Structures are given as structure tokens and as C-alpha cells.
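Accompanying notes for the structure given below.
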Amino acid sequence: MSGSTTGIPRYRRFDGLALLHQGFRPFFLGAGLWALIAMVIWIAAIQGHVGIPSAFDPVSWHAHEMIFGFVTAVIAGFLLTAIPNWTGRMPLQGRPLAGLAAVWLVGRFSVLVSGWIGAGTAALLDLSFLALLLVVVLREILAGRNWRNLPMPIALGGLLAADALTHVDVLGIAATGALGQRLGLGIVVLLIGLVGGRIIPSFTRNWLKKRGEWKFPASFGLFDRLSLILLAAAMTAWIVAPESRLAGGLLIAAGLVTLLRLTRWRGHRTVAEPLVWSLHLGFAWLPVGLLLLGIASPDLPAAAGLHALGAGAMAGMPLAVMTRATLGHTGRPLSSDFWTTAIYLMAALAAAFRVAAPFLPEAHSLLLALAGSAWVLAFGLFLLRYASILLRPRDASP
């Protein structure tokens, strides 16, 4: 998405840590670390090796931290890097960036130990991050009069409300935890549909053009707008009444239309460059998840669809975006190496194993173990390959 042609402004002179020079650096690093740490804790908990000292039950904690911990860090890194290009205003860096990242980190720890510090204290600390991020993003968009990208702060407001609903449940005020999780997941799905629909055709077109191709992805147009409206309707129906026939029908329709949308972007021509096909692969989990949710029944639990969206789209797309953005914004060549390709493949395997588990009850435990191992490998490789880049100045060698 772009609402300005001013280009990214010059960064202020900053002699501190390279980690605090650009918004994507601390948040992409934090997202990768938390995706790894939270999964290790979750695996150890379900195997009975540790207890999670959270006021959330273990399953709710796992879902909460994937949506409101890992994904929100990726969103923050993306927005804090993209918004200066949209508005022409100076980027957030230095102490303000460090402060915002610290609030996110405190939120993760507070939810993890909320059984010790109290659910109310944890809620306040956790919700502070999304509230501050919303203020920062809204201020920049309004100051830059960048009306085209107002959906971003609206989405952040929705995520803040969704997170609040999960805490309301833990506090014993109302049984809104599942609603909050569905609302949070639904908003993330819409963001993937919106942002993915902008960047995937654009990056694919640029790459194909360099190779001398003459057939390009379909430009964003009426079909895309209508597909997003259908996706929004499907997610709204699912959030409000997940087991209704209306929700099921809309999810199936949205899944089919989203799949058709993906086929218009010529992903089959990008097999030579993992930095490009990884975006298509990550997005492909979106229609798969929608269709599986739409046909969910007692014989086909909704877990398959939920994990196609969660372990698939919500991991594949962020990894594709984080690796590409990190290379591009630190002056590295936009080309995938062996380890980056392995990251994408491990993430895809993690999602495939997790989605397959409900279909193969006799191998359920094995598939869960394989899914968790592949997830840990994917994010472990991300940290091994990209942490040093995120921590070093732009002109340092990889």
C-alpha cells in the first residue's frame, strides 16, 4: 500500500545501537525470538514438563501469544518502516522506538506470569502496547494527511479491542475469550488479504520485469475490492456466529474467490526466486484456511482451518515479509540463500503437519511433534540468519 510518492525521508543522525535505527529491527527480532520461545514453552507444557504460570489457561495463552504477541510485533515492524514512506515524515527511532519495543516485551512477560502478578496488572501492561502503537500510527497518518492508509489504525483499534476481550474473560467479567481470539484472528486475516494483495503482485511484477517477462500479475482493481468485501463479510459472520450456515457459506465463497485472486498473480513463474514465491506460498494458506473453516463439521474439527490460518498464513507471510524487508532495508541483495529457503520450507512443513493432524487421528501426536519441531527450526534458522543483520549497521557485511 502506498499513499505518498515522497519516498522515505532521511533518518535523523543516530549513533546508538543499530537495533534502534529502524522500526523493523527490534520488532522483527522480537517476533522471531518470541515465536521460538513461546512455541518451546507451549510444547513443554502440553508434554507435561512445565506449567505455564499464566492466568490464561494453556490453550488460551498459546493462542493469545501467537495473535497478540508474535503477529502484533510483525505488524509493528512493518508499519513503523512503511509509514514514513507513506507520509514523508521522519521515522520513529532511538529512545522512542526502544520504549515502544520495551512495552511490547513487558506485555509478553506479564501475560506469561499473570498468575503471579495478577490478571488485572497483566491486562494493563499487555494492552498498553497496542494502545501506544495505535497512537503512534494514527498520529503519523493524520499528520501526513495519508487518508488512504486509515485502515491501518482502524485495524489496530480492532486488535486492541480483541485483546481486551480476552483479558475480560480471564478477569472473570464476561465469557468473551473465544470471541476476542476470533476477532483478533479475523483482523489479521483481513490484513493479510489487504496488504498481501498489494505487495505480492507488486514484488512479483518487479521480479518478472527484470527477467524480461511480458505477462505480469493482475493489477489491484475491482475484483480485488470485491474479494476483500466478501472476505470481510465472511470473517464478520464467523466472528459473530462461527457455527452458522451463513458463516460456512461465506467462508467457502471467500476461500474460492481468494484462491482465484491468488492465481491471477503468476506465482507459478517465480519458482526461481524463493523471496518471491514464499509470499505466494504464505498467502496460499489463506484460501485453504477459509475453505477448511467453511466445511468444518463434527467429523472435521475447525482446528484444521484455524491452523491453516494460524500456523500457515500467520507464519508464512510474516516470515516472507520479514526476510525480504530485512535484506532490502539493510542494503543486502534481494536474493534468497540456502538458509532463507530452508526457513520458508520449514514453516510450510510446520503448517502442513499441523493442518493434517485432525485428519489422521492415529498419527495425531506424531504430527503435532513434527509440526512443533518444524516451527522451531523455521524460527531458529530465521534468528541464526537474520539476527546479526538486524543488530548490525546497514553497511556491515551479512
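Tabulated values for the structure
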{"read-out": "Neighbours by Cβ (under 8 Å, 6+ apart or cross-chain): first from the stretch 171-185, within 18 Å of GLY115 (Cα to Cα) and open to solvent by 60 Å² or more (accessible area, probe 1.4 Å); second outside any loop (DSSP other than H, G, I, E, B) and of a type in the set (Gly, Ala, Ser)", "value": "LEU171/ALA119; LEU171/GLY120; LEU171/ALA123"}
{"read-out": "Verdict on ARG354 being touching a residue at least 40 places away in the same chain (Cβ under 8 Å), among the charged types (D, E, K, R) and farther than 20 Å from GLY186 by Cα", "value": "no"}
{"read-out": "Some residue of the stretch 352-361 being buried (at least 23 other Cβ atoms within 10 Å of the Cβ), touching a Phe, Trp or Tyr at 6+ places or on another chain (Cβ under 7 Å) and part of a helix (DSSP H, G or I)", "value": "no"}
{"read-out": "Residue ID - most open to solvent (accessible area, probe 1.4 Å), chosen from residues in the stretch 266-278 that are modelled with pLDDT of 95 or more and more than 10 Å from PHE203 (Cβ to Cβ)", "value": "TRP277"}
{"read-out": "Residue in the stretch 97-114 that is most open to solvent (accessible area, probe 1.4 Å), counting only those that are farther than 20 Å from ALA38 by Cα and either in contact (Cβ under 8 Å) with a residue 24 or more places away in the chain or part of a loop (DSSP other than H, G, I, E, B) (or both)", "value": "ALA98"}
{"read-out": "Count of the stretch 213-228 residues which are under 16 Å from ILE199 (Cβ atoms) and among the aliphatic types (A, V, I, L, M)", "value": "2"}
{"read-out": "Subset of the stretch 279-301 that is among the small types (Gly, Ala, Ser) and within 15 Å of ALA351 (Cα to Cα) - its residue that is surrounded by the most Cβ atoms within 10 Å (Cβ to Cβ)", "value": "GLY289"}
{"read-out": "Verdict on LEU160 being within 20 Å of the chain's Cα centre (by Cα) and more than 18 Å from ALA82 (Cα to Cα)", "value": "yes"}
{"read-out": "Failed item in (1) charged (D, E, K, R); (2) assigned to a loop (DSSP other than H, G, I, E, B); (3) modelled with pLDDT of 95 or more, with ARG25 passing the rest", "value": "(2)"}
{"read-out": "Only listed residue being surrounded by fewer than 22 Cβ atoms within 10 Å (Cβ to Cβ), among the aliphatic types (A, V, I, L, M), touching a residue at least 40 places away in the same chain (Cβ under 8 Å) and under 22 Å from PRO318 (Cα atoms), chosen from ALA218, ALA232", "value": "ALA232"}
{"read-out": "Answer from ALA247, ALA253, ALA218 - the residue that is more than 19 Å from ALA351 (Cβ to Cβ), touching a Pro at 6+ places or on another chain (Cβ under 8 Å) and either assigned to a helix (DSSP H, G or I) or modelled with pLDDT under 95 (or both)", "value": "ALA218"}
{"read-out": "Leading residue by the ranking (farthest from LEU183 (Cα to Cα)) among those in the stretch 262-312 that are free of Cβ contacts under 8 Å to residues at least 12 places away in the same chain and β-branched (Val, Ile, Thr)", "value": "VAL271"}
{"read-out": "Of the criteria (1) without any contact (Cβ under 8 Å) to a residue 60 or more places away in the chain; (2) on the phi > 0 side of the Ramachandran plot, which one ALA44 fails", "value": "(2)"}
{"read-out": "Counted residues, the stretch 139-155 - those being open to solvent by 60 Å² or more (accessible area, probe 1.4 Å) and not in a helix (DSSP H, G or I)", "value": "1"}
{"read-out": "Matching entry among LEU390, LEU334, LEU319, LEU370 (being open to solvent by 50 Å² or more (accessible area, probe 1.4 Å) and in contact with a Phe, Trp or Tyr (Cβ under 7 Å, 6 or more places away or on another chain))", "value": "LEU370"}
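The values are calculated or read from the model by the stated rules, or taken from the named source; none is laboratory data. Small disclaimer: the values here were computed from a predicted structure and weren't measured. Heads up, the Cβs are rebuilt from the backbone with ideal geometry, glycines too, and the neighbour counts pull from every protein chain shown. These accessible areas exclude ligands, DNA and RNA; they are computed on the full protein's heavy atoms, side chains included. Shrake-Rupley method; radii C 1.70, N 1.55, O 1.52, S 1.80 Å.
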